[in-house]
1. Consider just the alpha-carbon atoms of region B:119-244 and return their Rg together with their Dmax, both in angstrom.
2. Could you quote the convex hull projected area for the protein assembly as shown, Cα atoms only and averaged over all directions, in nm²?
3. Calculate the spin-label point distance for residue B:475 paired with residue B:683, positioning each point 7 Å from the Cα along the beta-carbon direction, and give it in nanometres.
4. When only alpha-carbon atoms count, how far does region B:634-792 stretch along each of its three principal axes, as whole angstroms with the largest first?
5. Taking each residue of B:805-817 in turn, how many C-beta atoms of other protein chains fall within 10 Å of its C-beta, and what is the average?
6. Return a whole-number percent for the relative contact order of region B:321-413, with Cα pairs under 8 Å and 6 or more residues apart as the contact set.
7. For chain B, take the longest principal axis of its alpha carbons; what is the angle in degrees between that and the long axis of helix B:20-29, to the nearest 10 within 0 to 90?
8. Would you please put B:644-655, B:669-680, B:618-629 in order of how densely packed they are, using the mean number of other Cβ atoms within 10 angstrom per residue and starting with the highest?
């Protein structure tokens, strides 16, 4: 896993960033309706959620309200179809698609384009 | 300034007087187009609040008391002249002329000249420092006078007189009240009430002299004045305030031939018209049905009626309720309707408490069904309810005196639901319950919005509590229907979901949401359903189907702290721990550098464990014979205990063994909220069992069971549920009680709130649990037995499962640690570094340093 990550990182440094997909883990590492945390570029914490059998969504792991790296441990759900994670600290809900906080307009998290290719969970960087 | 003739099509309305009532009229009429309103005021300022005049001496300024501003009137398009005393009315020419000679023509003239303070014809009444209490100018004069004296007397012990006395007291004078009648507030109170009020006011440092007729005021020996009374006694004072009643300002009407009452007052009809159809009189200058209303509420009604008549409406003035509630020098006084029981056949109920200086009287109709009047002194908490009974003719309960007796038992409550929509809630602004409902229907969702929509409470403010009750009731009515649904994914309450799960043997959230709900679920319904499933089936909570339902504490089997680390709490039944286990706990804490603290539940909490450290920590604890303490769960936490008869000289039962038995039995029971127990070995109650959900206290003959106590946010003493139980019955009762709670409580509802909201309360619970009122006790016991039989230590199951342990890592693709978790030392242990400390050490992570990528 680490090797793969490193090789992806080195590729990204030599070519256009917007077209690169970085593999973060295997699909088997994910838990349905739940989150895991991975390091992007070996330093950036991201939370990856498997929202149904085939689709994953990724946001930054930092909870801007609770000020801790915990979002991957939150509960996910939907608010009229908008998929969110509720922070395990103070329950602010963040949209997994837009990153906006559903409970506080002043807060948001970063979102990452995510795909599952041949069992590999990849984020676009 | 000449007549306003800007617009020929507009009617000229001239209002003489800008007191509270005159101003209210302007507010009413200015809402309509087609009127050119001119206000002529003899005072030097626009309308102000005379009801709260005495607050001028407790810090309020004239601006605070102002009801309007020149800018406001300009905005409303209202012309106004201050210091413009009207001295002439020409009814034929339809003009009025002021003292300074300005003439204004009118189509309709409204007299709102108010009243003046009556000064009895006592020789010496015009001496310096003899004043009245009516306007802000009067207050300024009083203040100036008070600065030069030490003693002040108010002549008149009515409502206004006592307010004036309060003002003198505020000014620091040695204050006296001199009243001609045998009692204070003779209009509103009966003799007993008046006497009690006198006692209370005297205890506050104001001397009250009743049955004193003042013969003459002459020079004093020590003070400015000496008042000589008819009974030969005398009183020296520096300042005299006359507050012996009011007289209508009707001199204009008198001079210009409008019909007056025998003792003054401008006679008006039901439309508030005087004997000249184009001239109206409203407020304290008007005499309706041979009565002058000296309160602001009827004056407002008159203002509304006059405005309505001018625009062609059909409102009528039909008299007004004179009930009053106020606070005089901090003493609560209330008077409703027929306070003196003058109605034929009226019967009275009285309650008098000399120790607390409380007096209450109800006057009830001969048949005992309707409330005619009431007097309340010292405590007016029942005023609002009583007033509604009286005004709306609501039938009284069988024992009406319960309405005023101190609440030793259940006080019959007047549910606001039983009020008709026509019930007046705010009498000053004449706002009915129907108006409030209309405001809620129009979208008001808080009391503030209702206030600004209806203007309720903006008069005297006395109806604020009632308004809130009515509003809350309306909110609840509407909110309840919504609130019963647990969230937007299910149209069921928790109790209903529980029954569905049980009846249809539903085993997973997915099954439940697909059959009976919609969407993915959310942070509200998922943990609630997880709790229900656990209570019914007691599966391992980290099963794949359940894992995603739990809040982080249950998912990671620890209590998340503010920095994302967890605390670790091994179970320690009854607070009992062997030295060997204690040593292991110490070794673990030392090895992982965990902050260590003894909890309120008689066990040990280890803080600061990173998520990836949890499995190893728990493996050590489990290997040493310990198990999870469920400190993270909505489940049984601890059974606190004293050592009881095994060690203690006073213990009468073995509370230690009972506590351990109970903790072992109910550990792992998932419930709507956390549950705490305690067992005390004797009546000294060292374990504080009465503040717990389940409290057990030893007696000579067995155990007393207390239920639904709480020590947290809203402390509540447990209710004594049963006495002198043997062990087996005690367990049976607790089984049934807990399982009934698990089935019927709302999510996150503690047993205390649950019991309080349960219809029938404790008695009903006793019938269910003791007498099997619902015929479900076997089922409840079986269900509890099943939960007990399927108990597992969740941490043991977890550390034995390599698959589950995979979840306990910070990163799926790295063994690094979360660099944001940083500790500093304090009192020889760790604590989380503050944000400032992290920033100082350069550890704070910049979180958004990657450009957001647009979704494909």
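Where a number appears in this text, it was derived from the coordinates with a stated rule and is not lab data. None of these values were measured; they are calculated from a predicted model. Quick reminder, even Gly has a Cβ in these numbers, built from the backbone with ideal geometry, and neighbours come from all protein chains shown.
1. 13.4, 37
2. Mean shadow area of the hull around the Cα atoms is 55.5 nm².
3. That separation, rounded to one decimal, is 4.5 nm.
4. Principal-axis extents of region B:634-792 (Cα, largest first): 42, 34, 29 Å.
5. The mean count of partner-chain Cβ atoms within 10 Å per residue comes to 6.
6. On the way: 177 pairs, mean separation 23.4, N = 93.
RCO, region B:321-413: 25 percent.
7. 80
8. B:669-680, B:618-629, B:644-655
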